[in-house]
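Read the structure below first, then the notes.
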Amino acid sequence: MDLISIDSLSDSDIATILDEGDRWFDYNRQPRRNADKLDGLTIVNAFFENSTRTLLSFEIAANRLGAQVVTMQVEMSSIKKGETLEDTARTLNAMRPDALIIRHGLSGAPSSIASIMDCPVINAGDGSGEHPTQALLDAATLRRRFGRIAGLKVAICGDLKHSRVAHSNIKLLTRLGAELRLAGPPELLPDDFQGDGSIDAAVDGADAVMMLRIQRERLDEEFGDAPGEYLDRYGLTAARIAKAAPDVVVMHPGPINRGVEIDGALADDPTRSLIILQVEMGVAVRMACLDLLTAERLSP
Ligand code: NCD
């Protein structure tokens, strides 16, 4: 089994990951974590795009489960000598890893790699495609805070066109029964987007507001916003959040661009911001994903 998209998961897989993620979250707060569930397994990380949270949390997750973790040094690899991604995958496969975590700038790359690899492949973000483990950790964080997801009004705001986080979250949160409100600047909305994309309307009465960074690296031309302009027009400000539900929470997958898509003070507000909790939940949910995906290999 691979985890390429939210569509790779059955409803029961999703329930298992959220439940087990919640369990690992508590486990991770203990002073010592020496689980040996993945003892003897080798997990390889291959990240062809930058990452702080996702890469480190996969490394820590695999370590906490007792696996051996190897992170490919992409900058030092033979990709720089002209090797194709497929040939790199054949090389990695020959070393018999038990799971491969891949992040790549090309949408669809993890799925082509999965057809070469004999082990489970996890998509840790593919261009503007999907980022399923981020959506799973977001759902687990919401559920921990509210005790449910069904019926929650969740606003997802920003670069909906290029954000793989948005694409996976839209699929997952819809399946879990949330009521989504999508918003962003017209230039950054998907071509088939319905509605006016107003952030004020999306935030009005929302239980959760998830802000997204402009994916400038995926734009053909500069977005061209003057300092402060994006925040005023499309960002999360104190004035906008005041119209949300009284116990609204603020989410962001990171990295945050303070003063662009979000007012820094809101990101830091301990009563409302779940941003740091999302990071903590990221390790736990990735432990649950690694455990679920490698279980088939461990069963006789
Ligand atoms: C996101 C990503 O890489 O897609 N970051 C993350 O994984 N936490 C979001 C982003 O880069 O904007």
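Below are the figures for this structure:
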item	result
Inter-residue pairs, beta-carbon under 8 Å, first under 14 Å from Glu49 (Cβ atoms) and in segment 71-84, second part of a loop (DSSP other than H, G, I, E, B) and among the aromatic types (Phe, Trp, Tyr), 6+ apart	Val74/Phe48; Ile79/Phe48
Residue check for Gly224: without any contact (Cβ under 8 Å) to a residue 12 or more places away in the chain and open to solvent by less than 30 Å² (accessible area, probe 1.4 Å)	no
Residue, nearest to the ligand (Cβ to nearest atom), within segment 48-59, restricted to residues that are open to solvent by 20 Å² or more (accessible area, probe 1.4 Å) and either within 15 Å of Pro255 (Cβ to Cβ) or touching a Gly at 6+ places or on another chain (Cβ under 9 Å) (or both)	Arg53
Residue in segment 114-127 that is free of Cβ contacts under 8 Å to residues at least 24 places away in the same chain, open to solvent by 30 Å² or more (accessible area, probe 1.4 Å) and either in a helix (DSSP H, G or I) or away from the ligand (no atom under 12 Å from the Cβ) (or both) present	yes
Considering residues of segment 142-173 that are assigned to a helix (DSSP H, G or I) and farther than 19 Å from Ser128 by Cα only, the residue most open to solvent (accessible area, probe 1.4 Å)	Arg145
Identity of the residue in segment 1-21, part of a helix (DSSP H, G or I) and among the acidic types (Asp, Glu), that ends up surrounded by the fewest Cβ atoms within 10 Å (Cβ to Cβ)	Asp11
Residue within segment 275-295 that is farther than 23 Å from Ile149 by Cβ, out of contact with any Leu (no Cβ under 9 Å at 6 or more places or on another chain) and of a type outside the set (A, V, I, L, M) present	no
Residue that is of a type outside the set (A, V, I, L, M, F, W, C), open to solvent by 50 Å² or more (accessible area, probe 1.4 Å) and over 18 Å from Arg148 (Cα atoms), where the choices are Glu229, Glu261	Glu229
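The values are calculated or read from the model by the stated rules, or taken from the named source; none is laboratory data. Here the structure is a predicted model, which is why all the values come from computation and not from measurement. Don't worry about glycine lacking a Cβ; one is built from the backbone with ideal geometry, like all the others, and counts go over all protein chains shown. Remember, those area values only see protein heavy atoms, side chains included, never the ligands or the DNA or RNA. Shrake-Rupley method; radii C 1.70, N 1.55, O 1.52, S 1.80 Å.
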